[in-house]
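Contents: one structure, followed by commentary.
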Amino acid sequence: EVLKRLPGVTTGGRPGRGGEVRMRGMGGGYTQILVNGERMPPGFSLDELPPEQIERIEVMRAPTAEFGARAIAGTINVVLREALQRRLNELRLASTFERDHVTPHLSWTRNDKLDDQGTAYNLTVNAMQHKRLDDIASQSLTSRFDTGTGALQSQTLLQTRGQSADERKSLNLTGRLQLRLAGGDTLALQPFVMVNRGRGASSARQTQSAVPDENAFERIKYDSYTSDSSNRATMARLNLQWNKRLDERTRLETRLGAGRMTMDGDAHREEDLDATPGLFFRTQDDTTKSRDTQWSVNLKLNHQMDNEHSLVAGVEGEGTTREQTRGCTEVYGSTMRRDNCAFLADFGENVSASTRRLAAYAQDEWSVGKQWGFYAGLRWEGIQTESSNNQGPVKNTSSVLTPLLHGVYKIDEKSREQIRASLTRSYKAPNLNDVIGRLSINSQFTCQPPATLCGSNLINYPDRFGNPDLKPEMATGVEIGYEKYLSKGGLLSVNFFYRRITDLIRAQAQLETVPYATEPRWVIRPRNIGNATTRGVELEAKFRLDEYVADALPINVRSNLSLFDSSVDGIRGPDNKLDQQPRYTANLGADYRLRSLPLTLGASLNYTPTTLLQQSDQVLNEIDKKRVIDVSALWTFSSAVALRLAASNLVPLSYGNGSIAVTPGRLVTSENTGRSFTVWTVRLELKV
């Protein structure tokens, strides 16, 4: 709710729900998400953090040496609350309502001090149960043409209709123990525990119009399916931070972290064909177990010099080890013979993988007079990924050096107007799943006994695989911005950005000769496809209405408009944009606290237009527009009791996406649609 109000920040998923957080509309890992300045382990989501545990959110449009250069779009740093030096108990009881499903939410936070020397702690327990029900509605129209004359020969329409349900229970615990040591040193311990349990179920029917005999392989193998799944995830992590003052001008900060995450999942799927009623065409049982272990070490030295220079240098180390096992069995037809899934014979059930990262950096920040400020930094970072399975070992190594330069000019030494500029290098490393991603054969075109190999498939039903040869994306960036801080806490700003990206990574489908099929198949892999450019302008205005309109109510107005443009070399335009980047995003909101009543009202509008994306020369994707209207009311009974009522996605729109795929002799038009719903929340806040 807070992040989507920020300039240029968008979220994925359906309106009214959370999703991947993106800056500048750039999806796929271009935005660096930190918690207390550290990257969180794989599988962690910001949704797991209790909102009441968040102190503030810092947005950095350009990378810095200290916080890391894996931030082509920018960095969002979530700073958690420190322990308070007074006793405080906060209890929050909430319920969320969506489509007749109730999501209860309980949160309890305690702050207290242990002695008079500054030792204090806080503890937050967060419990939630949520249920969701979604419609499944998709269709694809395949048109076949004569490759010589271009004449239309036949068309086939495939439609899928059904429903999916999801239920999840979660329990989170976060805390902080802060100790004041001799000489002004501090020591802080911060544990984090997360336990999730989930279940899912879906069912759907498929209908397909006539398919010519010469294209018989396109006929569906089943016309109905049901699936049930369950998953369990547990994560425990402990961070230690020790700040030691070496002398009056030098401080050493040491941060250590260790954690473990376990994820177990079971899935059962049954597919049936009306032509053989009562005999399941295919039954598949899939079990996955994953164990991730992570450690991190960070050392940072701060030194203040006489000549206005502030030096910072540091080294970082981080490692993640993953052990994953998978068991998959299938039963076809009426044989009732249970076999291993066809692809496991070649690609194995077990995967071991590890990622190690080392970094070193130095930066200097200094002032020239009272109006100029400069920052220069240099960061080296190396990442090594290794894995092994039945296909043999996989190793991917990358090393990058990123220089960084920032400057700020105050228009008048006494004013609150300034101009900022940055020239930086940043990068995006391939993630672990992109490098070692296991084979996933499309369920519409599976390998069918007694054959030991698959046949062909279609571009809109591709298989998926990883790519161990990926290189990191590198970007050269320029930022120029103007900021004016207003007298009543407002802000007016204009910011221009530019990025030139090399070795762009994109998941594309290509025909490949694969060892598990008798014919070439369409396979989606992440690939380095070339270079790209993106640029944009971000406008923001936050102010009190009575600051500009005489006798107006003291309404806090917030608004921003961000305009984006991008192009990927080697892909035809005009829609050869970066993944999921819209043409613009717009936000408008207002908050008003009534003078006669202890009531605060708020409203906001978030809009993202329909986005067309040329994924490759063969595929054009379309992402539907998002318009989200949120309203809220907060009644403060006293300093200890408050009641909040909120509605998100107040006027819901349907939401979907589609694609057009062109291959020799075929044109496939696909779309997925679904309804969105208003999400109502009522929350009682108590302080004791």
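The values are calculated or read from the model by the stated rules, or taken from the named source; none is laboratory data. Only a predicted model underlies this, so the values are computations on that prediction, with no experimental measurement involved. For neighbour counting, all protein chains shown are included, and Cβ atoms are generated from backbone atoms with ideal geometry for every residue, glycine included.
Side notes on the structure shown:
- Number of residues in region 635-661 that are assigned to a strand (DSSP E or B) and more than 30 Å from the chain's Cα centre (by Cα): the value is 5.
- In the set (1) assigned to a strand (DSSP E or B); (2) among the basic types (Lys, Arg); (3) farther than 21 Å from Val21 by Cα, the condition left unmet by Arg627 is number (3).
- Against the conditions (1) in contact (Cβ under 8 Å) with a residue 60 or more places away in the chain; (2) assigned to a strand (DSSP E or B); (3) within 30 Å of Asp565 (Cα to Cα), Asn89 satisfies every one except (3).
- Residue match in region 207-222 (condition: of a type outside the set (S, T, N, Q), in a strand (DSSP E or B) and over 24 Å from the mean Cα position of the chain (by Cα)): no
- Test result for Leu141, in contact with a Phe, Trp or Tyr (Cβ under 8 Å, 6 or more places away or on another chain) and either surrounded by fewer than 18 Cβ atoms within 10 Å (Cβ to Cβ) or under 27 Å from Arg322 (Cβ atoms) (or both): no
- For Val478, the conditions (1) at pLDDT 90 or above; (2) touching an Asp or Glu at 6+ places or on another chain (Cβ under 9 Å); (3) surrounded by fewer than 20 Cβ atoms within 10 Å (Cβ to Cβ); (4) of a type outside the set (Lys, Arg) all hold with the exception of (2).
- Test: residue in region 453-465 that is aliphatic (A, V, I, L, M), exposed (fewer than 15 other Cβ atoms within 10 Å of the Cβ), more than 24 Å from the chain's Cα centre (by Cα) and farther than 30 Å from Leu6 by Cα: yes
- Single match in Arg416, Arg420 (criterion: touching a residue at least 40 places away in the same chain (Cβ under 8 Å), over 27 Å from Ile383 (Cβ atoms) and touching a Gly at 6+ places or on another chain (Cβ under 6 Å)): Arg420
- Subset of region 504-549 that is farther than 30 Å from Leu588 by Cα and acidic (Asp, Glu) - its residue that is farthest from the chain's Cα centre (by Cα): Glu519
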